[in-house]
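Comments concern the structure below.
The values are calculated or read from the model by the stated rules, or taken from the named source; none is laboratory data. The structure displayed is predicted, hence computed values, not measured ones. Here the Cβ is made from the backbone with ideal geometry for all residues, glycine too, and neighbour counts use every protein chain on show. Note: accessible area is taken over every heavy atom of the protein model, side chains too, but ligands, DNA and RNA are not part of it. Shrake-Rupley method; radii C 1.70, N 1.55, O 1.52, S 1.80 Å.
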There are 2 protein chains.
Amino acid sequence: MYRTHTNGELNITKIGTKVTLSGWVHRSRDLGGMTFIDLRDRYGLTQLVFNMDTDSGLCKQARELGREFVIQVTGIVTERSNKNLKIPTGEIEIAVTELKVLSKSITPPFTLEEKSDGGDDLRMKFRYLDLRREVVRKNLELRHRMAQETRKYLSSLDFLEIETPVLVNSTPEGARDFVVPSRMNPGEFYALPQSPQTLKQLLMVAGMDRYFQIVKCFRDEDLRADRQPEFTQIDCEMAFVDREDILETFAGLIRHLFKTVLGVDFEENIPRMTFKDAMERYGCDKPDIRFGMEISEFTSFAKGKDFKVFDSADYIGAICAQGCAEYTRKQVDELTAFVQKPQIGAKGLIYARVNDDGTIKSSVDKFYSPEDLAVWASTLGAKAGDMIFVMAGDKKQTLNALNELRLEMGSRLGLRSKAIFRPLWVIDFPLLEWDEDSKRFYAMHHPFTSPMEEDMEYFTSDPGKVRAKAYDMVINGVEVGGGSIRIHDSEIQKLMFKNLGMGEEEVKRKFSFIMDAFRYGAPPHGGIAFGFDRLVAMFAGLDSIRDVIAFPKNNSGKDVMIDTPGPLAQEQLDELQLRIDKKEKQ
Amino acid sequence: MYRTHTNGELNITKIGTKVTLSGWVHRSRDLGGMTFIDLRDRYGLTQLVFNMDTDSGLCKQARELGREFVIQVTGIVTERSNKNLKIPTGEIEIAVTELKVLSKSITPPFTLEEKSDGGDDLRMKFRYLDLRREVVRKNLELRHRMAQETRKYLSSLDFLEIETPVLVNSTPEGARDFVVPSRMNPGEFYALPQSPQTLKQLLMVAGMDRYFQIVKCFRDEDLRADRQPEFTQIDCEMAFVDREDILETFAGLIRHLFKTVLGVDFEENIPRMTFKDAMERYGCDKPDIRFGMEISEFTSFAKGKDFKVFDSADYIGAICAQGCAEYTRKQVDELTAFVQKPQIGAKGLIYARVNDDGTIKSSVDKFYSPEDLAVWASTLGAKAGDMIFVMAGDKKQTLNALNELRLEMGSRLGLRSKAIFRPLWVIDFPLLEWDEDSKRFYAMHHPFTSPMEEDMEYFTSDPGKVRAKAYDMVINGVEVGGGSIRIHDSEIQKLMFKNLGMGEEEVKRKFSFIMDAFRYGAPPHGGIAFGFDRLVAMFAGLDSIRDVIAFPKNNSGKDVMIDTPGPLAQEQLDELQLRIDKKEKQ
């Protein structure tokens, strides 16, 4: 037996006990006649003590141990004179009588402390060392706990976890599929699922009633900082439900996770906001409602004062940054540069300070009288000491810029604490989005999303007006989940495909299995999928999902630790009847 | 709201309650003035009653409903006159007052009863209908329960479920990999994991201490009846353990599953048998110990009686089939034909009947005296009324034939009940297997398996003699899991690769990441993987794993329901910089 206890469990109640421990040499220090070693494992640290007077041989041996050596020791639990009450084992130490080196270590390429001196690339290459750091390990422990609690909650509600296949056909999610050549069927390919969307709908047709799965999904997209080619979803579907049932069930899941994992209780129901409201009040469909600073529209009264920028604008909107009247010229210039970044693309930023005496000083005093500016202030509820920011232009773009400015100001004013969580359901999304380039509609969620009954009158005549039974769960401005009630009527599904400009041939080729299935008694159904990596990252207070994934890929889709992807042997290509047809780089 | 209750929950305590139910029309019958419908969902059946006298319009509507229509009804829970005590809802029925058709159905291509009239191919194509059958659905419910209980047990022991990547590099399991071309890295490929073997070992190096995962694995093999290209493993690894710790921990898992899922208690510890014993006593490394009928070796005393077949044999062995002395000539001929099948390949079958009076009549009386035959009987413990079967030849082949005969006789004698479970640990496997064709050793488990310390003296001099710290969990003759203590010393690992005939270059290319990892303090570790599909099938009393998989593939690796694999669009191939290079069929 390698150990009688872990390094996290011994305390003052065990004084005098003979124990055997194993683990890694975390730190060691020699103090005159004594050598102290912090022995580490997943469960904690335990201090070992070696005494030159008692056993000089053993003590010398201990002095030879390097960082990250794996050792086994036997000794007696002893009360420490110099207690460390910050850790559970801090009141005791082990007076070691036997020592065995289980495995040596060369010097790690970076320090394995809370703040490591290793760069990203190095830590990725030696991920197995990076994972030894408590801060990284804790993320995986959190992930485990969240997965177990998710399963517990859903199982208690009669959801069945059902594994759907990984080798499937193309899914209609719009992104690129990863494909897998079939050796047994040369020239043919499987695709890896972008989500089990159609399969979970078939499970509803199959009468499974309530399905979930914590499941890997795959998208072959160009990777941005926080995308991974494989990611994990909490994928759910229910039969005989309408929107209200889903919102209740999954608000329950979110409450359960916050309560059991973080000890956070939401006293009130999770609020709901329509897509339209979200866009007009926050300029985006995933508002961060940890703080107010809502957008007000100025279009109706800010025009007609000879200020060309506003007069020619489609839309004028503003926010009020409380207590920012004192912002310096430099600070305002910074914010102007911020909204003018190409990613945001605003032309400029107008401001108006509400002075302590109630007078208002704006950057457009030439055009606007004190009375005009008083209307601005009262519209926003701006008070003495506040700063008003106004932007104008194309409505969509300006709302987006106001959203970015609002978030930036929220951050600057410390209104976006990671310790506060404000979940929100965004509902009543449009069913379709018009794409000006291809002159056609695209499904805002996916083509199986049900339109709202009350909008069905426009479904063929004016499809852009139709709202969907779709919903997103947004927490602190991050979309953590989304879903919809699905179409379960093959006639409506056909019309939907038509609205998306898909011909009968294409529908048949891509979706005949689900259209067929709907002919055999499909129950009303709907579902949701949560981005599990994202949710865990949020619980961990992290911005990047990479930190909550054991072995993530880098931005080139590579795992530099195991060194993949890589070349294939010629025999393998031959067996698959494939040839690489590499284009010259342009 | 589509329902107030499911179809499985209403009973006599709810008489008089107004309820709303939804589900599928399972059966319907008209009896004079009444129409009865069995409404079905995942939870059960509820009888609906429509009365021509009370509401002829509604009753007529009900008579129009076809099988598998999805309907919603509202009505009053009423006591049945004609009770069915076999189902929980059998004492009540619903006197329907409102009926709504949610979805129509055309006639299903096969009946959705316990015994369906649909052939395999048809049921696979319409798997979403096949899954509506209670017998199929129950398998997925069982699978769900087993997965949850597995997680519960392992979590309670501090195992962390950690997701390992699906896009990896080739694994050294020996089977063919499925590969995934990388668009971002043209000409390069990922592989889908045959198992997370090396990654879980890296998690041990990373200090995760106890890992598990219920995980999809992939093998591109030619499919036999009971293989699937993707299958599910309960994959586990522990650090600071030796064999004993693993055997105890996972005997515990198996006991927990049998107890919580099937209510089966194993009073005794799970027995252990060495590979050598298993081979000699049962002729195979996965003995079915639900019954005895062990093999005895006759080689030493059955030679030298001028019976050429035996005299020229490397090995002679026998089993005793209790109470089979009465077997007819025809039955014995059948058994002879059975062992002569090419898959078994025995040359013939010698028998000896122990008559009621104690005399023995054999098929080789010419060569063997009554005294000789008495030795046969006493060696096997054969008694009056028993039948002795003897086979001879090459040792390995003959043991295999005796194993097959033993299993066949066990089945014929009803000794292999699916309601009885006899788990067994098979231990002390050889580390290496010699392959005569390629004149080299292969790893019996995989190249990371640790040799036994006491055999290390042969590790370089006579590697074929070395036993491994490997173990298999065998239940009722089926290998449901297997694993080993791993090598954690890079020097021993190097020797192991050398024994397998791998050059330094090859080792570096394939395994440098794990060899590197071992240089930074690798703890002693080991693990096990259970075939989850197989385990569920065993719990369900099924022979095929296909029945416990929601959407299995057929023997050509195809999913005929969603129609995959299929051709790829030219643009996709172009993006991947691949060309199909299809060989003419020979």
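Points worth noting:
- Across all directions, the shadow cast by the convex hull of the stretch A:364-414 built on its C-alpha atoms averages 4.4 square nanometres.
- What the phi angles of the stretch A:452-461 give under the Karplus curve with 6.51, -1.76 and 1.60, with θ = phi - 60°, is a coupling list of 7, 3, 5, 9, 4, 4, 8, 4, 9, 7 Hz, glycine and proline written as x.
- Pairwise FRET efficiency - residue A:512 versus residue A:543, Cβ, R0 = 51 Å, nearest 0.05: 0.75
- Buried surface for the A/B pair, taken as the accessible area of each chain alone minus that of the pair with a 1.4 Å probe, is close to 10800 Å² in total.
- Residues of the stretch A:280-297 with amide N under 13 Å of the 7 Å Cα→Cβ point at residue A:417: A:290-291
- For the stretch B:67-106, residues shielded by at least 10 square angstrom of accessible area compared with the chain on its own, probe 1.4 Å: B:70, B:102, B:103, B:104, B:105, B:106
- Threshold 20 Å², the stretch B:147-163 residues less accessible with all protein chains present than alone (1.4 Å probe): B:148, B:151, B:155, B:158, B:160, B:161, B:162, B:163
- Taking every Cα-Cα distance in chain A and sorting them into 20 Å bins starting at zero, the pair-distance distribution P(r) comes out as 16, 38, 33, 13, 1 percent.
- With 29 Å as the limit, the listed pairs A:60/A:125; B:216/B:469; B:86/B:418; A:259/A:553 have A:60/A:125; A:259/A:553 beyond it between alpha carbons.
- Charge dipole (debye, nearest 20) of the protein assembly as shown; +1 at Cβ of Lys and Arg, -1 at Cβ of Asp and Glu: 260
- The label point for residue A:492 and the one for residue B:74, both projected 7 Å from the Cα toward the Cβ, are 2.0 nm apart.
- Chain B versus the axis that turns it onto chain A: the residue with the nearest Cβ and the distance in whole Å amount to B:579, 2.
- The stretch A:291-412 - Rg (one decimal) and Dmax (whole number), Cα, Å: 13.0, 38
- Seen through its C-alpha gyration tensor, with square-root eigenvalues sorted a ≥ b ≥ c, the stretch A:12-103 comes out rounded because a/c lies under 1.5.
- The phi torsions of the stretch B:404-414, fed into the Karplus equation with coefficients 6.51, -1.76 and 1.60 and a -60° offset, translate into couplings of 5, 5, 4, 5, 4, 5, x, 5, 4, 8, x Hz, rounded to whole numbers, with Gly and Pro shown as x.
- Using the Cβ-Cβ distance between residue A:13 and residue B:454 with R0 set to 41 Å, the FRET efficiency works out to roughly 0.55.
- Straight-line cross-link reach from residue B:104 at under 15 Å between alpha-carbon atoms covers these aspartates and glutamates, not counting any fewer than eight positions away in the same chain: A:489, A:491, A:516, B:64, B:68.
- Taking a straight line from the alpha carbon of residue A:83, these lysines sit under 18 Å away, with near neighbours fewer than eight places off in the same chain left out: A:14.
- Equivalent-ellipsoid semi-axes of the protein assembly as shown, from the Cα gyration tensor, Å, largest first: 59, 44, 29
- Solvent-accessible area, 1.4 Å probe, carbon plus sulfur percent, for the protein assembly as shown: 48
- For residue B:161, nonlocal amide neighbours, meaning residues 5 or more places apart or on other chains whose placed amide H falls under 5 Å from its own, are B:212.
- At a probe radius of 1.4 angstrom, the accessible area of the stretch A:12-103 per residue rounds to 47 square angstrom.
- Shown in residue order for the stretch A:148-157 are the 3J(HN,Hα) couplings computed by the Karplus curve 6.51 cos²θ - 1.76 cosθ + 1.60 at θ = phi - 60°: 5, 5, 4, 5, 4, 4, 5, 4, 5, 9 Hz (x for Gly and Pro).
- Computed over chain B, the per-residue total of -39500 (n - 2.57) for DSSP H runs of n ≥ 4 gives a 222 nm mean residue ellipticity of -8000 deg cm²/dmol, rounded to 500.
- Accessible surface for residue A:561 stands near 10 Å², nearest 10, in the context of the full protein assembly shown (1.4 Å probe).
- Probe 1.4 Å, protein heavy atoms only - accessible area per residue of the stretch B:414-477 in square angstrom: 45
- For the stretch A:12-103, the dipole from Cβ point charges (+1 on Lys and Arg, -1 on Asp and Glu) about the Cα centre works out to 260 debye, to the nearest 20.
- For the stretch B:151-183 and the stretch B:361-429, distance of Cα centres in Å: 42
- Largest to smallest accessible area among B:248, A:113, A:479, A:408 [probe 1.4 Å]: B:248, A:479, A:113, A:408
- Residue B:164 accessible area, 1.4 Å probe, all protein chains in place, Å² to nearest 10: 10
- Per residue solvent-accessible surface (Å²) - the stretch B:291-412, probe of 1.4 Å: 48
- For residue A:263, inter-copy separations between label points set 7 Å beyond Cα along the Cβ vector come to 4.2 nm, shortest first.
- Positive dipole terminus of the stretch B:291-412, leading residue within B:319, B:332, B:364 (C-beta point charges): B:332
- Backbone N atoms of the stretch B:344-373 closer than 18 Å to the 7 Å Cα→Cβ label point of residue B:300 belong to residues B:372-373.
- With DNA, RNA and ligands ignored, accessible area of residue B:300 (1.4 Å probe; Å², nearest 10): 110
- Separation of alpha-carbon centers, the stretch A:42-104 and the stretch B:120-150, rounded to whole Å: 54
- Taking a straight Cα-Cα cut-off under 24 Å and skipping sequence neighbours fewer than 8 places away in the same chain, the lysines within cross-link reach of residue B:395 are B:276, B:286, B:303, B:305, B:308, B:341, B:347, B:439, B:465.
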